[in-house]
Amino acid sequence: MKLPTWFKVIWWLLLCGGAAWLFYVRVPAIEAGRSALVDVFIFLVLVALLLAPIFQEISLFGLKFKQAIDDLQRQLSAQLSILKAEIQSTITTSSSVNVTIPPPPTDEQLPELESRIRRAVSQALDEQGFDLPRPRAQFEPEVDGRTVYLFKIRHEIEARLRRIAESTEPPQAIRMRRTPLGIGALTDQLMKQELLHPKISHAIREIYSVCSPAIHGEPATEAQVQFVRDVAPQVLQALAELERRTTGSTGRS
């Protein structure tokens, strides 16, 4: 149970008053040279009570006077979680530096690129001795519902983040960028601009980390899907409101 501030203040004043009165009663005996160990204890308790509002924790004879320790622990836990997400994002970004991913081709380049890929794949199959039937013109991959759901959530989050981030950048800077910003760079950019709250950024990264394995081919578990179902709607609502404030639109991707 968390006590109200006014009660804490009144209780602290009563304790300080009681300790001060006890010490005042003992002053004549101390002046007469009849001091006792209890006088030292009363004095130290009074000093500890007076210093309690200033310091988070005071130790006295093995006893600790604590104030707002639970709040401090919660803040520290939140900061550690954010730091963990930042480290994971940094590792992911550093790992991708060594892999050269070309920017996506334009629509005009796609027909020529298609011809080159077809020839290259056919040549590779011949060199390996694969005699495969010609694939159907239309091929629909089989993807389970869990993976499709996780992909939709990740796509929706990233699309909204990208629209918000691009609304704060000049069009020339966007055109000059060779590859789109990743989720870590997007959230970092919006946090630096004080548009995205760090706690929402942390939630986005946690959702992203749960969705990504399934999208990369790993089987999705029911617990992962349930986690995303529970936390993603509130995050998406927050992003929709942020998009409305920054772009004036709540358009879906």
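Here's the list of aspartates and glutamates a cross-link from Lys152 could span, going by alpha-carbon distance under 14 Å and ignoring same-chain residues fewer than 8 apart: Asp144. Bridgeable aspartates and glutamates around Lys192 (alpha carbons under 15 Å apart, same-chain partners fewer than 8 residues away excluded): Glu86, Glu166, Glu169.
Compared with the alpha-carbon gap, the fully stretched path from Leu14 to Leu51 is longer by 11.8 nm at 0.36 nm per residue. For the stretch 191-248, count all C-alpha to C-alpha pairs, find those more than 12 Å apart, and express that count as a whole percent of the total. For the stretch 191-248, the fraction of Cα-Cα distances above 12 Å is 70 percent.
Counting Cα-Cα pairs of the stretch 142-253 in 10 Å increments starting at 0 gives whole-percent bin shares of 13, 45, 31, 10, 0.
Any read-out appearing in this document is the output of simple, stated calculations on the displayed coordinates, not a laboratory observation. Since this is a predicted model, take the numbers as computed values, not measurements.
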